[in-house]
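**Q** Attaching a single structure in structure tokens format; questions to follow.
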Amino acid sequence: MMTYAIQWNHGHTDTGFASYEDAVEAVYTVLSEAKIGHSGDIAEGGERTLFWASAEAAENDDGARAAGSIRARHAAEVR
């Protein structure tokens, strides 16, 4: 079973999201103007999706200014 976790850049991790969509919604709850996603993210088969506080923060950024990431957690990692 796969779950998802949100790793915030300040060090806190929220875990136990049953779907990627649930994790995305949780990010929007905290950062209503968040820019979520990048080339090679979870929606494209990757293991993580970066998010930024806004589209402006994400512009021309390689992830250094990201507010955090959503990560896929496989059953072996959750135990």
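**Q** Kindly check whether there is at least one residue in segment 45-68 that is in contact (Cβ under 8 Å) with a residue 40 or more places away in the chain and part of a strand (DSSP E or B). Break it down into steps so the answer makes sense when it comes.
**A** Restricting attention to segment 45-68, the residues satisfying the condition of being in contact (Cβ under 8 Å) with a residue 40 or more places away in the chain are 66-68.
Applying the additional criterion that residues be part of a strand (DSSP E or B) yields 68.
For segment 45-68, residues in contact (Cβ under 8 Å) with a residue 40 or more places away in the chain and part of a strand (DSSP E or B): present.
**Q** Every residue in segment 10-37 that is assigned to a loop (DSSP other than H, G, I, E, B), surrounded by fewer than 14 Cβ atoms within 10 Å (Cβ to Cβ) and either in contact with an Asp or Glu (Cβ under 6 Å, 6 or more places away or on another chain) or on the phi < 0 side of the Ramachandran plot (or both), please. Before the answer, list the steps.
**A** First, the residues of segment 10-37 that are assigned to a loop (DSSP other than H, G, I, E, B): 10-12, 18-19, 31-34, 37.
Checking the rest, the ones that are also surrounded by fewer than 14 Cβ atoms within 10 Å (Cβ to Cβ) come to 10-12, 18-19, 32-33.
Matches in segment 10-37: HIS10, HIS12, ALA18, SER19, SER32, GLU33.
**Q** Applying the selection to segment 49-77, what residues are closer than 13 Å to SER19 by Cα and either at pLDDT below 90 or not β-branched (Val, Ile, Thr) (or both)?
**A** ARG71, ALA72, ARG73, HIS74
The values are calculated or read from the model by the stated rules, or taken from the named source; none is laboratory data. Note that the structure is predicted; figures quoted are calculated from it, not measured. Here the Cβ is made from the backbone with ideal geometry for all residues, glycine too, and neighbour counts use every protein chain on show.
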